[in-house]
1. Answer with yes or no whether PHE66 is in contact (Cβ under 8 Å) with a residue 60 or more places away in the chain, within 28 Å of SER139 (Cα to Cα) and out of contact with any Ser or Thr (no Cβ under 8 Å at 6 or more places or on another chain).
2. Taking the criterion of being on the phi > 0 side of the Ramachandran plot, within 23 Å of the chain's Cα centre (by Cα) and not charged (D, E, K, R), would at least one residue in region 142-152 satisfy it?
3. Which fully enclosed strands (runs of 3 or more DSSP E) of region 61-124 have 3 or more residues being of a type outside the set (Ser, Thr, Tyr), modelled with pLDDT of 95 or more and open to solvent by less than 30 Å² (accessible area, probe 1.4 Å)?
4. So which of SER180, SER165, SER207 ends up being hydroxyl-bearing (Ser, Thr, Tyr) and exposed (fewer than 14 other Cβ atoms within 10 Å of the Cβ)?
5. As an exercise: evaluate ILE146 against (1) open to solvent by less than 10 Å² (accessible area, probe 1.4 Å); (2) free of Cβ contacts under 8 Å to residues at least 60 places away in the same chain; (3) among the β-branched types (Val, Ile, Thr) and give the number of the one condition it does not meet.
6. Looking only at region 156-203, how many residues end up being under 19 Å from ARG113 (Cβ atoms), in contact with a helix residue (DSSP H, G or I) (Cβ under 9 Å, 6 or more places away or on another chain) and charged (D, E, K, R)?
Amino acid sequence: MAIVKSLGLGKARGSAGEFTYSTIEGRTIARTKPAHVHNPNTAAQQAQRTKMSDVVIAWRDAGQRFEKLWTNRKKYHSAYNSFVSANISNNGTFVVAPAGDYIYMNEGFILGRGQYSANQLEVEASVDSVSIIVNESESLFHNLKIGDVLGVIFLGDSGQVVDVSEQSMNEFDFQEGMESLRKNFGTQESDIAGYAVYWYSPSRNLSTDCVVRMI
């Protein structure tokens, strides 16, 4: 991979000769095309292509909806690149529906990768509500700001998103001597089978990991 500095290329995309170009965060990236593969249809290569196809479906169905939660990614990687890298070998965490256009999410499916681990958020969950607690013992607690968001992605028993609820923090959430911050989230949906919680700071573009957990 090379970063190309050329006024002639501008925001290049596509292929030319032995190079493929893309533009990420204002930089033009050039990658050489893979060398000719003598046998492109081995079982291992077919399996890898199937994985890639499945994770692209996962991105289109669920991943891009929560694109903002990919705040911790490699330089010049897009949210899409980071999502694919995190989930392509994450076996068993999602299943593509027979129709091939949506997915069922399972335990461990990754919907976001942030600067803080998911265990910074303590969770109390039931089939119709989720509470998020940030305790003073966690480093995240000391970096909370007014305007930050806590959110819950609710999953139905099919493993699909049925509801999303967010609450912004205001001045009343921050009291002198407080030892924890708690937000309660309910949903009108029935048969909630899983959830994914997150903290997101829109003003600083920071977040926690967002990982699916089943109840």
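The values are calculated or read from the model by the stated rules, or taken from the named source; none is laboratory data. Remember, predicted model here, so these are calculated numbers, not experimental data. All Cβ positions, glycine included, derive from the backbone under ideal geometry; neighbour counts span all protein chains shown. These area figures cover heavy atoms from the full protein model, side chains too; ligands, DNA and RNA do not enter into them. Shrake-Rupley method; radii C 1.70, N 1.55, O 1.52, S 1.80 Å.
1. On the way: in contact (Cβ under 8 Å) with a residue 60 or more places away in the chain: yes; within 28 Å of SER139 (Cα to Cα): yes; out of contact with any Ser or Thr (no Cβ under 8 Å at 6 or more places or on another chain): yes.
Yes, satisfied.
2. We begin by selecting, within region 142-152, every residue on the phi > 0 side of the Ramachandran plot; these are 147.
Subset that is within 23 Å of the chain's Cα centre (by Cα): 147.
Those left that are additionally not charged (D, E, K, R): 147.
Yes, region 142-152 has at least one match.
3. On the way: elements: 94-96, 103-105, 110-112.
Result: 110-112.
4. Numbers: SER165 fails: exposed (fewer than 14 other Cβ atoms within 10 Å of the Cβ); SER207 fails: exposed (fewer than 14 other Cβ atoms within 10 Å of the Cβ).
From the options SER180, SER165, SER207, the qualifying one is SER180.
5. (1)
6. From region 156-203, those under 19 Å from ARG113 (Cβ atoms) are 161, 164, 166, 194-202; that's our starting set.
After this cut, where a residue has to be in contact with a helix residue (DSSP H, G or I) (Cβ under 9 Å, 6 or more places away or on another chain) as well, the list is 161, 164, 196-202.
With the extra rule that they be charged (D, E, K, R), the set shrinks to none.
Here the count works out to 0.
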